[in-house]
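Each reported figure results from applying straightforward, stated rules to the coordinates on display, with no laboratory input. Only a predicted model underlies this, so the values are computations on that prediction, with no experimental measurement involved. Because the Cβ atoms are built from the backbone with ideal geometry, glycine has one as well, and the counts that use them run over all protein chains shown.
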Amino acid sequence: VEQHVERPVLAVDLGGTQIRAALVAPDRTVHHRRAVPTDDEAGIDSVLERMLEVVAAVRAAAAADGLPEPIGLGIASPGPLDPVRGVVLDPPNLRGWRDVSVVERVGAQVDLPVFLERDTNVAVMAEWRHGVAAGTADAIYVTVSTGVGGGVISGGRPLVGRDRMAGEVGHLVVDADGPVCGCGGIGHVEAIASGTALARSASALLEADGSPGLARLARAGEPVDAKMVGIAAEAGDPAATQLLERAWTAVGALCVSLVNLLNPEIIVIGGGIAEHHPRLFDVARRDVARHSLRRAGTGVRIERPAFGPNVSLVGLLPIVNDRIGDPAFGARSQASPPATVVQGATSS
Ligand SMILES: [Zn+2]
């Protein structure tokens, strides 16, 4: 048995709404977690500047606390992105970002090797290496949040694809005649079940005077977002309830397709929308049982992530540790000595 001894990393989760940063210790505990608004409208320079500030603050606080020095900095970002070149390509959920060399730009400002990975690939690594999918060979992580995304472990290894873009489950078609997605595609699950899609549908309902419940909340000054739809549905508004059911059905259809395509043992569903709506899990479990190929659908676990909102921070611990010294990730990975490898250190 070969076992990597993991060393602490600085972790950044660049989200559409917030930039979160923390020091992740080898025991997967998250220290000095801080969050600042992403505010992507202020521009790329401003976002990167704020990211560097929050990273510096976390690092200083961790050092003052006597925590060991991090060996590298990992950045989880919305995709699509190129983790080898360290470039964020054109994510629908970061306005104005196109071919941004995040690793080069951040790496010029910090004395640590820097790595970039799609947030959902980071999440699946956290859950597969250390969370609810540990011990499985075929696991899928799905996030239902501002967008819908995912990461796949297939046959005991991450599924990457030709352009390292595999696993973008949010852009699977679940309704061939459905709405236009942020990526330009038609009928993608993200266009129906994401927070952005729910907010857009709620706005359309308000405009068409189709929901007294939403109209009441809007008059009371509630922002038109996914949360507002949830509140209206809970208060018994039929149109809002229907919007949510349509979203959960889209997630259910996604899960059925994933089960039939990839034959997983477990699908982990995280993200803010999933976190707040247990009904999503009921519908996904029901639809997988009803509509998957019988054998593939039997016994598939559909679970919440073990690491909750920290999932995209914790997953950077194995990713940074694995990639340090890996020539596939370029010269910058040599900036720090390779992680200690202990042969046969585990016994069970
Ligand atoms: Zn799409």
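For the reader, a short list of remarks on this structure follows.
- Angle between the chain longest axis and helix 195-207 axis [Cα atoms, degrees, rounded to 10]: 30 degrees
- Mean separation of Cα contacts under 8 Å, 6 or more apart, over the residue count of the chain: relative contact order %: 21 percent
- Among Gly150, Gly135, Gly308, the largest mean-square fluctuation in a Gaussian network model of the chain (Cα springs under 10 Å) belongs to Gly135.
- Rounded if a/c under 1.5, otherwise prolate or oblate - region 224-304, Cα gyration tensor axes: prolate
- Dipole magnitude (debye, nearest 20) for the chain, charges at Cβ of Lys, Arg, Asp, Glu: 640 debye
- Summing charges over all other residues whose Cβ lies under 15 Å from the Cβ of Ala226, with Lys and Arg as +1 and Asp and Glu as -1, gives -3.
- Sorted by Cβ density within 10 Å, fewest first, the residues Val174, Val36: Val36, Val174
- Phi angles of region 20-30 translate, via the Karplus equation with coefficients 6.51, -1.76, 1.60 and θ = phi - 60°, into HN-Hα couplings of 10, 9, 6, 9, 9, 7, x, 8, 6, 7, 10 Hz per residue; Gly and Pro are given as x.
- Scattering curve values for the chain, log₁₀ I(q)/I(0), Debye with Cα scatterers, q = 0.06, 0.11, 0.15 Å⁻¹: -0.22, -0.73, -1.28
- The chain: angle of helix 119-130 to the longest principal axis, Cα-based, in degrees nearest 10: 70 degrees
- Overall form of region 43-174 per C-alpha gyration tensor (a/c, 1.5; a/b vs b/c): oblate
- Computed from point charges on the beta carbon alone (+1 for Lys and Arg, -1 for Asp and Glu), the dipole magnitude for region 27-105 about its Cα centre is near 180 Debye.
- Karplus-based coupling profile of region 56-61, in residue order and whole Hz: 4, 5, 5, 5, 5, 5, with θ = phi - 60° in 6.51 cos²θ - 1.76 cosθ + 1.60 and x standing for Gly or Pro.
- Tilt relative to the chain, helix 278-291 - C-alpha long axis, 0 to 90 degrees, to 10: 80 degrees
- For region 235-249, Karplus couplings with θ = phi - 60° (6.51, -1.76, 1.60), whole Hz, Gly/Pro x: 7, x, 6, x, 5, 5, 4, 5, 4, 5, 4, 5, 5, 5, 5
- Residues His31, His171, arranged from fewest to most other Cβ atoms within 10 angstrom of their Cβ, appear as His31, His171.
- Taking max minus min of the alpha-carbon positions on each principal axis, region 126-212 gives extents of 50, 27, 16 Å, largest first.
- Spacing of the two label points (7 Å from each Cα toward its C-beta) at Glu41 and Leu67, in nm: 3.3 nm
- Listed residues Ile192, Ile75, Ile44, most fluctuating in the chain (Gaussian network, C-alpha, under 10 Å): Ile44
- Close amide H pairs (under 5 Å, H built 1.01 Å from N) link Ile266 with Ile140, Arg301, residues at least 5 positions away or on another chain.
- Estimated FRET transfer efficiency (Arg216, Thr29; beta-carbon r; R0 45 Å; 0.05): 0.55
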